[in-house]
Amino acid sequence: MNRPIVALDFSTMEQVRAFLKHFDEPLFVKVGMELYLQNGPEVIKELRSMGHDVFLDLKLHDIPNTVGKAMEGLAALDVQMTNVHAQGGVAMMKRAAESFRNYNPDGLLIAVTQLTSMSEEVVREELGSRLSLDESVVHFAKLAQSAGLDGVVCSPLEAELIHEACGKEFITVTPGIRMQSDTQDDQVRIITPEGAKSAGCDYIVVGRSITRDRDPSEKYHRIKKEFESGDK
Ligand SMILES: O=C(O)c1cc(=O)[nH]c(=O)n1[C@@H]1O[C@H](COP(=O)(O)O)[C@@H](O)[C@H]1O
């Protein structure tokens, strides 16, 4: 059973260190733009030296050559997982995969499909998609698979559809996790940890539900237990 991935959405390493003091076991943590862009690669080195596994979430999205070169630098950082935007297209994802695997053959490279903060209405009307949200998520998952990626980031609500379309080995990494008592914040497509497990999600990503709790370790273990108890 994969541990929940804890999103370290903080702006300083002091905040990260203070948060991690609540835990006495190595975690699988996610470093996103907020922390990485303000503190740089030292963040990854420090977290790795503390024994934590790292998902580096920078959602690269640019022309293939630029993403390929940028990925060479990221892959050398010894992270367990990183990502690109599937909307960058197959050529971009292939270049990213080539660079990533050269430096980090054991790591997981995944692609964001449609952000979990997006609704059907936004995807159709603002982004001008002729596909429904579900169809577009599956479409991007298939593109990512054809480019040789290991899986996708999606909402737990789409995990089953993706596994049907791409097979069980193709991993689903799912943010948008909330316990019944949590606030929804800016997430639109959400589900509980138990629901995520029942939907076949391989990894759940949890941020504010843990980081804003008065007892982050207790909340983390409650979420982990609930995820493990889902009926799949
Ligand atoms: O790539 C991601 O991790 C990601 C993709 C997505 O579609 N939705 C999404 O929420 N995320 C990230 O997952 C985390 C969710 O945080 P919380 O909403 O606080 O649990 C944030 O760090 C987001 O950047």
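Here are a few things to note about the model shown:
- Residues in segment 105-120 that are surrounded by fewer than 23 Cβ atoms within 10 Å (Cβ to Cβ), free of Cβ contacts under 8 Å to residues at least 60 places away in the same chain and out of contact with any strand residue (DSSP E or B) (no Cβ under 8 Å at 6 or more places or on another chain): 4 in all.
- Residues in segment 78-94 that are surrounded by fewer than 20 Cβ atoms within 10 Å (Cβ to Cβ) and closer than 22 Å to residue 4 by Cβ: 78, 80.
- Total residues in segment 1-40, condition in contact with a helix residue (DSSP H, G or I) (Cβ under 8 Å, 6 or more places away or on another chain) and under 19 Å from residue 73 (Cβ atoms): 4
- Among all positions in segment 57-69, there is at least one residue which is out of contact with any Pro (no Cβ under 6 Å at 6 or more places or on another chain), surrounded by fewer than 17 Cβ atoms within 10 Å (Cβ to Cβ) and hydroxyl-bearing (Ser, Thr, Tyr).
- Considering (1) in contact (Cβ under 8 Å) with a residue 24 or more places away in the chain; (2) more than 16 Å from the ligand (Cβ to nearest atom); (3) surrounded by fewer than 15 Cβ atoms within 10 Å (Cβ to Cβ), the lone condition that residue 99 does not fulfil carries the number (3).
- Here the condition is being touching a strand residue (DSSP E or B) at 6+ places or on another chain (Cβ under 9 Å), surrounded by fewer than 22 Cβ atoms within 10 Å (Cβ to Cβ) and of a type in the set (A, V, I, L, M, F, W, C); of 157, 149, it holds for 157 alone.
- You will find that of 48, 3, the residue that is among the basic types (Lys, Arg) and within 16 Å of the ligand (Cβ to nearest atom) is 3 and no other.
- Scanning segment 200-232 for residues that are within 17 Å of the chain's Cα centre (by Cα), more than 22 Å from residue 16 (Cα to Cα) and within 15 Å of the ligand (Cβ to nearest atom) yields 201, 202, 227.
- Single unsatisfied condition, residue 138 versus (1) β-branched (Val, Ile, Thr); (2) farther than 13 Å from residue 85 by Cα; (3) within 13 Å of the ligand (Cβ to nearest atom): (3)
- The criterion of being assigned to a helix (DSSP H, G or I), free of Cβ contacts under 8 Å to residues at least 40 places away in the same chain and either within 22 Å of residue 134 (Cβ to Cβ) or within 14 Å of the ligand (Cβ to nearest atom) (or both) holds for residue 197.
Coordinate-derived values only; no laboratory data. The shown structure was predicted, so the numbers you read here are calculated from the model rather than taken from an experiment. Because the Cβ atoms are built from the backbone with ideal geometry, glycine has one as well, and the counts that use them run over all protein chains shown.
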